[in-house]
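Below is one structure; the comments refer to it alone.
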Amino acid sequence: MSQQVPTTVGQADRVTDHNSATMTSTLEELKTDLDRFFLVVMGMIVYLMQCGFAFLEAGSVRSKNTSNILIKNLLDSFVAGISYWILGYPFAFGSGNSFIGWHNWASHDLTDGDLAGFFFQFVFAATAATIVSGALAERCEFVAYFIYSFCITGIVYPVVTHWVWSSQGWLSAGDIYTIDGLSVQVGYQDFAGSGVVHCVGGVAAFVGAAVIGPRLGRFHEETGTSINLRGHSVPFAALGGFILLFGFMAFNGGSQLSISNPGDGAVVSLAIVNTVISGSMAAFLTLALHRTRLLGTRKWSLLITLNGALAGMVAICAGCNVIRPWGACVVGLVAGIFFNFTSWAMVKLRIDDPLDAVAVHFGGGSWGVLSVALLKYVEDDPGKGLLIDWDRQAGLMLAWQLAGLAAIIAWTGGLCIIMFGLLRLGNILRVSPELERKGLDIPKHGEPAYPLESYGHGYLEKIMTILENGQLSASNLGCESGRQANGWNSYESAEVHAMKVIGLARVEQENGRIERKEGGRDSEPGTTEQKRMNSLSDHQMSGQGKPPSGTQVQSNSTGQGYGSPASGTVLEKTTL
């Protein structure tokens, strides 16, 4: 028995060692799977930002272009899915040199576990392309959209990504300096993409908007004034903005790329809190500045405040992991100033940006890149920001941030000038003036966002209004019994019927002009339409189904509002 004791103990030790090794292996696998799950979930939330961009842009354009801008936002992710899979990811993260990668074409040699990282990087690439579609809204040809979206997600953005986020990139590697007898590595820092994503998208948007030119009616050359072409739905824009604000939490927090290592949770928490603080401060400052005569209209603007908040979140992307919450407050305040100044400068330069995409993403992003070198504060890291430690290392950090920002602007701007310039020379960048005036939904897609025939119902409604003298007025709208004798369909509202009549009058007027031209006759223009308008007026004032009190017909040459995109007619109902 005495000889078997060591054997028994040895067997127990081997079993313990085996179990320990198994548990260690299982724990490592669990940590790896947890990190992959973290990337997938965060990537899905960032992907939801495409929905936010879609609603924001749809609400910020006129009703006649809603379907056009929605399908472009939808296709952004699909175009990026192909271009980034084939070209973008190899250029960005494939092994190569300090400038560009050239392996893993179409995910070749990537393991299934690597695909989580691919997915997270893909949604960032799609975001960069979506920024541009807003700046070129309402006048960009569909073919040109495909070309620039493919080039940005497949070539322009991935190369910048390789510089900054690949271990081989020249901006990421930086250089080694001797400071106080110690070797210190200093390079460009951009945690979540103030420069990599937002400056790339903002510069591309600036070049595209400058080359394509402003929308018709945006600027009046003779007087030098600008006209705000309002979008058709503030609620849509607000909903899209809220989705983007939500998505930015994952955009910045997920950039840690892991959650299982010691300290990961703290970094993610800091990034998300800084995102909220910076966005909040930028929103308040923008709201206050818009109330001044210098940069605003003295109104409490919802859309301007929303864009200010987005600019603040864009700015904090670069340093959300290394800036303290009080620093995020400073970042947000300055981001509000950058946003408002850039928006003002765009108007002065006569560059039309319907979404203020350049002001939000380039204005906020460029300040965000610089803020890291000024406000970085990590307790155990000697490399602090210039406003905290005025030393050589902080100065070198600022120099690298400036060099990185300049390289991103030069690379993106240079390629986009070539790309958009060739599209313009090929006459495939901008739609014709006629299509732009009438709207792109019907001729390009055959799917108006608000088809006239879809409005109205078969019920009788009582409408109560208050007149100027304070008296109540009751009107009936609709009819319960089929089509009326006067041709008014009971399943359409008074407004829709009026627009149809006016549209018919315009068609008859055009036909009359053609007949007079062919027959060589000369008659008074506008007679047919005037008769039709008089007939409409008599029809509205007669009997059952007349429009409610206060309804009036108003012509609008831009075709904006509830009118038909073809006729440009708008019907306004005023309730006093």
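Things to note:
- For segment 92-155, average projected area of the Cα convex hull in nm²: 5.3 nm²
- Backbone N within segment 244-263 under 17 Å of label point (7 Å from T26 Cα along the Cβ vector): none
- Residue-normalised accessible area of segment 62-130, given per residue in Å² at a 1.4 Å probe: 36 Å²
- Against the criterion of solvent-accessible heavy-atom surface with a 1.4 angstrom probe, Y459, Y84 sort, most first, into Y459, Y84.
- Within the accessible area of segment 248-351, the carbon and sulfur atoms contribute 71%, probe 1.4 Å, all protein chains present.
- Stokes-Einstein D for segment 294-348, Kirkwood Rh over Cα pairs, 4 °C, 1.567 mPa s (µm²/s): 108 µm²/s
- Each residue of segment 408-418 was assigned a 3J(HN,Hα) from its phi angle through the Karplus curve 6.51 cos²θ - 1.76 cosθ + 1.60 (θ = phi - 60°); the sequence is 5, 5, 5, 5, 5, x, x, 5, 6, 4, 5 Hz, with glycine and proline shown as x.
- Global geometry of segment 249-338, whether rounded, prolate or oblate, following the gyration tensor of its Cα atoms and the 1.5 cut on a/c: prolate
- The figure for Y47 is an accessible area of roughly 80 square angstrom, using a 1.4 Å probe on the protein chains alone.
- Interchain or long-range residues, amide H under 5 Å from I179's placed H: V184
- Segment 190-289 shape via C-alpha gyration tensor axes, a/c threshold 1.5: prolate
- Euclidean distance of C-alpha centroids, segment 133-164 and segment 58-117, integer Å: 10 Å
- With K and R counted +1 and D and E -1, the other residues having a Cβ less than 9 Å from that of L229 yield a net charge of +2.
- Charge tally in the Cβ shell below 10 Å around E436, where Lys, Arg are +1 and Asp, Glu are -1, E436 excluded: +4
- Taking all Cα pairs closer than 8 Å and separated by 6 or more residues, the relative contact order of segment 152-198 comes to 29 percent.
- Near M346: Cβ cut-off under 15 Å, other residues only, Lys/Arg at +1 and Asp/Glu at -1. The net charge is +1.
- When W165, W344 are compared by accessible area of protein heavy atoms, the largest-first order is W344, W165, using a 1.4 Å probe.
- The slack between E461 and S473, meaning 0.36 nm per residue of separation minus the straight C-alpha distance, is 3.0 nm.
- Anisotropy class assigned to segment 432-479 is oblate, per the alpha carbon gyration tensor with a/c at or over the 1.5 cut-off and a/b no larger than b/c.
The values are calculated or read from the model by the stated rules, or taken from the named source; none is laboratory data. Fair warning: this is a prediction, and the values are worked out from it, not measured in the lab. Quick reminder, even Gly has a Cβ in these numbers, built from the backbone with ideal geometry, and neighbours come from all protein chains shown. In case anyone asks, the SASA skips ligands and DNA or RNA and just uses the protein heavy atoms, side chains included. Shrake-Rupley method; radii C 1.70, N 1.55, O 1.52, S 1.80 Å.
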